[in-house]
Amino acid sequence: MGLPALPGLIIREFFNSLTNESQFGLTPLALIALLLALNLGHIAVIFAGRITKTQHRFIIRSLLRNNLLDRLFKNPSAQIILDNQETEKTVSQGEIISYFRDDAEQIEDGVAWISEVSGEGIFAVFCLVILLNINVQMTLFVFLPVVGMVIIIQRAETKIKKYRRASRKATEKVTGILGEIFGSVQAIKVAGAENNVLDYFRNLNDQRRQAMIKDSLFNAILNSAFQNMVNLGTGIIMLLASSLMQSNVGQLTVGDFALFVYNLAFVTSFFTSLGSFMALYKHTEVSFERMAGLLSGASAYTLVTDNPLYLNDLNGQKKVLPSVEQPVQNKNNNLQSLRVSNLTYIYPGTNQGITDISLEIERGSLTVITGQIGSGKTTLLRVLLGLLPKQSGEIYWNGNIVEVPASFFIPPCSAYTPQIPQLFSYTLRENILLGLSKDDHDIATALNMAVFEQDLVTMNESLETLVGSKGVRLSGGQIQRVAAARMFVRQPELLVFDDLSSALDVETELALWSRIFVNTKEPEKNPWTPTCLVVSHRPSVLRRADQIIVMKAGRVQAQGKFDDIFSQRLLSNPQDISI
């Protein structure tokens with residue numbers, strides 16, 4: 001910390017030597033050489049600090065993004081809801097980019113500046129001691145800018161945060177529409193809406209430009225005010241110093257004046273940085289508030305919780321990530337019965353959802369949920385699996401209550417395929433395994449059960465075939481069967497399908513269900529006996545079902561076997577279900 005102070009002492013000796021007042025008797029050339037050597041050492045220290053600082057900032061940013069992503073993965077809702085004091089709204093994938101990019105970098109800057117300002121502050125105190133030893137009266141004027149800075153920050157706090165929130169929201173809208181455009185290119189082209197979409201995009205960019213200009217301009221005004229206040233204070237000190245040197249030359253030598261000016265620069269630089277940091281702190285508060293709001297009410301402490309980061313070590317060696325293994329199912333916890341009692345969930349601000357749903361599923365059975373569009377079929381599955389938070393009711397697995405469905409209904413307990421399965425821009429193998437350790441035989445068994453073996457033969461690169469963005473290189477039926485194979489390779493106790501066979505032809509559909517039923521109906525021949533919970537309207541599936549649940553307006557209208565429901569006309573209106 002004392003390295004930057006030594007040049008000041010050398011400078012004082014240099015000027016004192018010119019006036020024959022040097023205390024060490026060194027020549028001016030020797031002092032210049034010593035000054036150059038110290039500066040070279042200072043450069044080396046700065047270079048080493050820059051390397052450490054870069055690593056420190058990278059770790060901060062990585063930890064924030066890691067914790068934010070981990071929390072979002074654990075979000076029980078299928079949609080990310082931004083919860084703040086103003087409103088609740090669904091956040092799109094594109095909008096989330098601004099949180100991971102801009103807000104994470106803002107917090108990184110805020111934390112990194114703490115060490116910088118602290119270091120400057122410690123050295124400023126050291127320099128103040130030197131200034132006080134030179135002249136107390138002049139040193140007291142150094143603190144004038146600080147008072148003004150504190151007053152400005154207190155007065156401007158509301159506007160600082162207001163302009164920063166506005167700029168962040170404007171950026172969020174731009175990244176959001178970009179994500180929507182890239183994900184809907186075909187729909188835009190088919191509708192001939194390219195010009196309208198681009199006009200809307202330009203409008204959002206204009207709004208963002210205006211918000212960013214206001215934010216940047218206000219920050220520039222603040223920084224200019226801080227700098228000018230420091231310069232004004234420095235000018236007053238210089239005037240006082242010249243007066244002292246003229247009135248009482250013996251009290252302040254030329255060397256003392258040079259040492260005072262040299263150390264004064266470090267003190268005033270700290271005050272300027274302190275003013276900028278106070279404004280930066282308010283910006284960082286906004287970023288923490290935004291990211292905490294994205295975490296559905298979690299505290300900001302969640303963002304900075306210590307977690308492992310698999311980065312390179314100091315020798316450049318990459319740390320190996322732990323292998324992803326599916327939890328081993330306890331045989332005592334194998335599904336014997338699944339019971340749902342009075343399950344209820346109503347979407348906020350509406351009267352849509354499910355009410356008082358009760359059902360029971362036995363091991364190895366096929367339960368089909370059916371009903372008209374909007375009757376609550378998909379909502380029932382999502383509430384059961386914890387993808388939507390239940391508002392009342394209980395779920396029992398083998399008679400034991402399931403406290404947290406979102407973390408319980410995962411492999412090996414259950415696996416779920418939604419109406420529109422999601423594939424990634426990777427190989428067929430990677431889309432099936434998603435990090436799971438399984439050999440080619442296990443994958444082939446799962447693909448065969450999903451009636452995908454003939455499709456695989458036609459692919460030149462077999463399991464290494466790239467499926468493209470969202471599986472664009474595959475047909476709708478192939479995407480559904482790959483998603484089914486992803487479930488089968490994990491061999492869960494409960495298979496949950498949301499209209500799995502909607503994109504399949506009749507022959508393929510019959511083959512797929514037949515291969516599933518081989519496991520469910522012949523448990524003595526198969527070590528894996530899955531239980532199926534399915535949303536479907538297909539007559540072939542309904543006739544095979546051990547239990548049919550007919551939904552209407554979020555309630556169970558009828559429940560029983562196919563013959564009980566349709567032959568004996570338990571339904572009051574035949575249009576309640578389309579088969």
Task: Residue order, fewest to most beta carbons within 10 Å, for LEU29, LEU295, LEU500, LEU72 - done: LEU29, LEU72, LEU295, LEU500
Task: Volume in Å³ per residue [convex hull over Cα atoms, computed for the range 335-576] - done: 135 Å³
Task: Ranking of TYR396, TYR347, TYR99 by count of other Cβ atoms within 10 Å, fewest first - done: TYR347, TYR396, TYR99
Open item on the list: Between ASP439 and LEU132, what is the label-point separation in nm under the 7 Å Cα-to-beta-carbon projection?
Closed with: 7.7 nm
Task: Stokes-Einstein D in µm²/s, Kirkwood radius over Cα pairs - the range 159-210 at 4 °C with 1.567 mPa s viscosity - done: 109 µm²/s
- [ ] Assuming R0 = 56 Å, can you tell me the calculated FRET efficiency for the pair GLN352 and VAL146, based on Cβ-Cβ distance, to the nearest 0.05?
- [x] 0.45
TODO: Could you work out how far apart the two model spin labels at GLU362 and PHE47 are, taking each label as a point 7 Å from the Cα in the direction of the beta carbon, and quote it in nm?
DONE: 7.9 nm
Open item on the list: Between VAL111 and PHE517, what's the calculated FRET efficiency when r is the beta-carbon distance and R0 is 45 Å? Round to 0.05.
Closed with: 0.20
- [ ] List TRP113, TRP513 from most exposed to least, where exposure is judged by having the fewest other Cβ atoms within 10 Å.
- [x] TRP113, TRP513
- [ ] Quickly work out the GLN336-to-VAL472 label distance, labels modelled 7 Å from Cα along the C-beta direction, and quote it in nm with one decimal.
- [x] 5.1 nm
Task: Whole-Å semi-axes of the range 5-297's equivalent ellipsoid (Cα gyration tensor) - done: 52, 21, 17
TODO: Note the full-extension length gain between SER242 and ASP206 as 0.36 nm times their separation in residues minus their Cα-Cα distance, in nm to one decimal.
DONE: 7.7 nm
TODO: Estimate the FRET efficiency between LEU311 and ILE373 by the formula 1/(1 + (r/R0)^6), using the beta-carbon distance for r and 30 Å for R0, to the nearest 0.05.
DONE: 0.05
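None of the figures in this text is laboratory data; all of them are computed from the coordinates on show. Predicted model, so just to flag it, every value in this text is computed and none were measured. For neighbour counting, all protein chains shown are included, and Cβ atoms are generated from backbone atoms with ideal geometry for every residue, glycine included.
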